[in-house]
Amino acid sequence: MRASLLFLAVCLAACSHDPALPYAKLFSDDTPDDTPDNNDDTEAPDTDDDGGDDTPHHPDGYAEPNVHGTAAKLQEEACVSCHGATLEGDGDAVSCDSCHDTTWRTDCTFCHGGDDNSTGAPPAGIAGADPFGVHTWHVTENRKPAYGCVQCHVMPADVLSSGHLFVGDTTPGVSEVNFTGGLSAVGTYDGAGSCSNLYCHGNGLNDNGQVTASDGPLSCDSCHPYRNSGWDAWSTMSGSHAFHIDYNQNCGHCHDNVNDRNEAMARPDLHVDGEIDRVSAHEMNITEEGCTGTCHEGNHTNLPWE
């Protein structure tokens with residue numbers, strides 16, 4: 001009697017905090033043939049449509065996260081063509097959810113790591129290292145808000161979002177930089193760690209900031225003139241900045257909710273956030289047009305800024 005064929009789908013349990021994506025289909029597409037053979041003990045030739053190839057589609061060891069995860073990221077094969085448009089399985093091809101928790105599709109850290117913090121920064125590159133080097137600084141609060149991924153990337157809803165990984169991604173293995181959804185909407189990236197035409201890293205007046213990831217720690221005057229920059233630099237700032245700084249007034253006198261009078265950054269979340277905060281440390285009302293009130297015994301009533 002013709003022997004029945006058995007097929008085994010091998011899955012590994014999902015490893016938390018692993019950059020892998022479920023991908024493996026470890027069995028062939030053959031189906032068992034249980035047709036009676038009229039008591040003929042001679043095994044008949046295999047007449048399946050696939051030519052009798054019982055070789056599993058993926059090689060041994062393919063279910064290992066660092067194997068099929070990397071293959072998926074590099075689009076060595078189209079996962080959805082076998083495992084279904086939602087990766088929930090199709091026919092013999094297993095569902096990714098049979099190994100991985102169903103939340104993996106929207107869990108950024110499942111694929112992008114998160115060695116420093118829960119944001120997914122720094123993300124592990126396909127080779128295993130953070131390819132940019134300053135992700136953590138960008139996504140944590142320091143001298144500016146904790147920025148979200150949208151400042152530099154199109155942020156997908158899940159792994160099946162068009163252009164992200166499995167669907168419509170025309171640049172496999174590349175993390176595209178796109179500033180259009182963030183504060184620096186006209187910013188550009190040269191592909192080698194340098195950005196230009198930025199609001200962030202700019203002087204606050206125009207989209208003129210530029211920075212390279214290898215520049216190292218930045219100070220206040222890396223982006224805009226500071227108290228020790230001198231008159232020529234102060235004169236490039238808006239309105240009466242040069243006059244006030246030359247008069248030994250620090251940032252906290254007019255931006256008291258951001259910087260305190262001792263030059264400490266009191267509210268990093270309000271710095272480089274796309275808004276200009278005008279709050280006086282004195283009995284003054286400050287608007288875009290000018291000031292009203294008294295400062296250092298000087299009457300600023302209706303004094304224009306420009």
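The values are calculated or read from the model by the stated rules, or taken from the named source; none is laboratory data. All values reported here derive from a predicted model rather than from experimental measurement. Every residue, glycine among them, receives a Cβ derived from its backbone with ideal geometry; neighbour counts consider all protein chains shown.
Listing for the model above:
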| quantity | calculated |
| --- | --- |
| Near pairs, Cβ below 6 angstrom, 6+ apart or cross-chain, from segment 135-146 (more than 16 Å from Pro217 (Cβ to Cβ)) to any residue that is at pLDDT 90 or above and among the charged types (D, E, K, R) | Pro145/Asp269; Pro145/Asp273 |
| Filtered residues of segment 164-216 (kept if at positive phi, surrounded by fewer than 19 Cβ atoms within 10 Å (Cβ to Cβ) and either in contact with a Pro (Cβ under 9 Å, 6 or more places away or on another chain) or in a loop (DSSP other than H, G, I, E, B) (or both)) | Gly168, Gly173, Gly191, Gly193, Gly204, Gly216 |
| Test set (1) within 19 Å of Ser194 (Cβ to Cβ); (2) not in a loop (DSSP other than H, G, I, E, B) - Val150 fails condition number | (1) |
| Scan of segment 260-305 for residues that are among the hydrophobic types (A, V, I, L, M, F, W, C), in contact with a Gly (Cβ under 7 Å, 6 or more places away or on another chain) and in a strand (DSSP E or B), ordered by number | Met284, Leu303 |
| Matching entry among Ala85, Ala63 (being farther than 18 Å from Pro172 by Cβ, out of contact with any helix residue (DSSP H, G or I) (no Cβ under 9 Å at 6 or more places or on another chain) and surrounded by fewer than 16 Cβ atoms within 10 Å (Cβ to Cβ)) | Ala85 |
| One residue from Gly133, Gly125 being closer than 19 Å to Leu198 by Cβ and surrounded by fewer than 19 Cβ atoms within 10 Å (Cβ to Cβ) | Gly133 |
| His224 being in a loop (DSSP other than H, G, I, E, B), surrounded by 15 or more Cβ atoms within 10 Å (Cβ to Cβ) and under 20 Å from the mean Cα position of the chain (by Cα) | no |
